[in-house]
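Contents: one structure, followed by commentary.
The values are calculated or read from the model by the stated rules, or taken from the named source; none is laboratory data. Worth saying up front: this structure is predicted, and the values here are computed from it rather than measured. Glycine also receives a Cβ, built like all others from the backbone with ideal geometry; neighbour counts cover every protein chain displayed. Ligands, DNA and RNA are excluded from the accessible area calculation, which covers all protein heavy atoms including side chains. Shrake-Rupley method; radii C 1.70, N 1.55, O 1.52, S 1.80 Å.
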Amino acid sequence: MKTVLGTKAVAAQEAIAALAADVRDPAELLEEVRLRVERVVPNVGGGWMLTDPRTVVPTSLVANGPHAELSRRFFEHELTVPDVNGFAELHRRGVAATSLGEATNGRPELSPRYRELQAPSGLGDEARVLFRTGEATWATTCVARAEDDAFFDEDELAWLRTIAPEVGRGLRRALASRPCEPAPIWAPGMVVLDEAGNVEYTTGEADRWLAHMPGAGPLHLHATVLAVAMQARAETLAAAPAHAAPAQARLRVDTGAWLYVHASALRDASGAPVRTAVMLEPADRAQLLPLLADVHGLTARERDVVELLLAGLPVEDVAGRLQISRHTVRDHVKAVFAKLGVASRAEMTARFLPELA
């Protein structure tokens, strides 16, 4: 690591590790990380977002640029235009940190984002970081430098790659530390957006859910709603970036329950997409189980065992279904109990399906 980073980088890394071990609020942890990254890797700002761990759709904007319109344009570009270093592609490839300069071999003008948004706004190189554990991405950031500043160098990117997994583990632990709560007895809601992404109609149920969604940020509409709507429209127009995630996300509302947000394009009589309907509804078993398996760090086989146990199968039937021994099933159950901090099947069920507890 360069002398220019030196003891400041070491101290920041140690502070981040300590925070990742202790902080139990994901947004608070990400904000603390942002402040320390700025001391080591200078930048003029950018976006810091919590994400759905599998679709990488933003679920909460922890920090964003001061200009709402510019933020929205960056947001729309990311979700609808194929470009260098798209978050969906970085997630698929398992990348922890990279920069526009690195990805283009020092020719950022190869990126439409740079030509159309960054350069006209006086911005230069951009670094992107994904805070991951395994195949799950819990948060992302993209930070920029001014157009006259040097590119992010190898040592800065190496340092970002070093802290990224620690932060990912901290975010996962923070989510796991708060048990899943039963969903409120609220009906699903709908928000209808026009072609420009402006709200045309909304139901009272949607308004209620929106009021309980965290981290709305400076955009005119919650980032998650806007993101899934943009993705659904892009998919319909066949304009979505390669490897784009489905137009859906799961996020925790302030009651402690999980919300499922998904969208579909609405077509006119000619088949053209003219509006987008976004649905907000309590996450059901199909959405919750894989999410909570990621939150609690379960392996693929442990997840298989849990799904069958939650379906009511006895250990013997689980063993037969998975073609493993009953002893192996019990070993997996012990490992799951240890990760969840529970001591019985009933307690495990309450963690994954609180409405049945």
Principal axis lengths of the stretch 282-357 from Cα atoms, whole Å, largest first? 36, 21, 21
Need one number: convex hull volume per residue for the stretch 104-157, Cα atoms only, in Å³. 105
Pairs of alpha-carbon atoms within less than 8 angstrom and 6+ residues apart define the contacts here; what relative contact order does the stretch 215-339 have, in percent? 16
Net charge near G122 (other residues with Cβ under 14 Å of its Cβ; Lys, Arg +1; Asp, Glu -1) is -4
Let's see if you can work this out: charge +1 on each Lys and Arg Cβ, -1 on each Asp and Glu Cβ, no other charges. What is the dipole magnitude of the stretch 4-105 about its Cα centre, in debye to the nearest 20? 160
Residue span E28 to R178: 0.36 nm per residue of separation minus Cα-Cα distance leaves a gain in nm of 52.6 nm
Helix-only CD estimate at 222 nm, as mean residue ellipticity for the chain, using -39500 (n - 2.57) per DSSP H run (n ≥ 4): -13500 deg cm²/dmol
Most fluctuating residue given options G45, G215, G271, as computed from a GNM of the chain linking Cα atoms under 10 Å: G271
Give me the Kirkwood hydrodynamic radius of the chain, using the inverse of the mean 1/r over all pairs of distinct Cα atoms, in Å to one decimal. 21.6
Given a 10 angstrom Cα cut-off, can you work out which residue in T51, T202, T224 is the most mobile in a GNM of the chain? T202
In terms of the Cα gyration tensor, with a ≥ b ≥ c the square roots of its eigenvalues, is the stretch 228-332 rounded because a/c is under 1.5, prolate because a/b exceeds b/c, or oblate? prolate
Contact order normalised by residue count of the chain, Cα under 8 Å, 6+ apart, percent: 17
Zone of I185 (label point 7 Å along Cα→Cβ, backbone N under 19 Å): which residues in the stretch 281-299? 281-284
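Taking only protein heavy atoms into account and a 1.4 Å probe, give the accessible area per residue of the stretch 1-108 in Å².
Numbers: 4880 Å² over 108 residues.
I get 45 Å² per residue for this part.
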Between beta-carbons, use under 13 Å as the cut-off and find the net charge around M49, counting Lys and Arg +1, Asp and Glu -1. -1
Computing the accessible area with a 1.4 Å probe over protein heavy atoms, can you report the carbon and sulfur percentage for the chain? 52
For the stretch 67-207, count all C-alpha to C-alpha pairs, find those more than 23 Å apart, and express that count as a whole percent of the total. 50
Report P(r) for the stretch 1-100: all Cα-Cα distances, bin width 10 Å, range 0 to the bin holding the largest distance, values in whole percent. 12, 38, 38, 11, 0
Which one, A15, A27, A277, has the greatest fluctuation when you compute a Gaussian network model over the chain with C-alpha springs under 10 angstrom? A15
Once A338 and T299 are pulled to full extension, the length gained, defined as 0.36 nm per residue separation minus their Cα-Cα distance, is 12.7 nm
Once all protein chains are kept in place, I324 shows an accessible area at probe 1.4 Å, nearest 10 Å², of 40
From most to least accessible, 1.4 Å probe, no ligand or DNA/RNA atoms counted, W48, W186 line up as W186, W48
